[in-house]
Amino acid sequence: MRATSISRGTAGMLSAALLALVVAYLYGAVAYLVTDAAYFPEQSPPGWSWPAVLVTMFGFVPAAVILLFAWRAWRSPQVQADVFTRRLLAVAGVAAVLMLLVMATPPGWELFDWYVS
């Protein structure tokens with residue numbers, strides 16, 4: 001099998017994209033937890049949480065695709081040679097996998113229901 005030639009810069013961009021998705025999802029979870037349900041009788045999310053709404057609705061698709069590219073990047077010889085990039089990509093990947101796991105659990109469904117309904 002031919003070795004991949006993904007640069008450290010590409011791996012850094014993949015890490016940044018994964019972390020942006022995770023931070024937006026966490027932002028949505030915090031918005032859900034601190035929003036008073038009585039203040040929003042229709043259970044609609046506040047306007048300042050639109051990044052979280054988009055990640056909650058569609059975030060699993062880019063997260064899964066970016067994780068596939070990140071796995072390929074992590075196996076790259078250039079990334080393996082740089083400890084910082086390898087660790088950053090691993091941390092971002094683990095955080096994205098945890099986000100996807102939360103999305104697949106009942107609390108994730110409740111969060112999805114609140115944002116989508």
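The values are calculated or read from the model by the stated rules, or taken from the named source; none is laboratory data. All values reported here derive from a predicted model rather than from experimental measurement. FYI the Cβ positions are ideal-geometry reconstructions off the backbone, even for glycines, and counts take in every protein chain you see.
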**Request:** Evaluate region 25-40: report whether one residue or more is at pLDDT 90 or above and surrounded by 15 or more Cβ atoms within 10 Å (Cβ to Cβ).
**Result:** yes
**Single residue of L88, L101, L54, L67 found to be farther than 14 Å from A20 by Cβ and either surrounded by 19 or more Cβ atoms within 10 Å (Cβ to Cβ) or aliphatic (A, V, I, L, M) (or both)** = L101
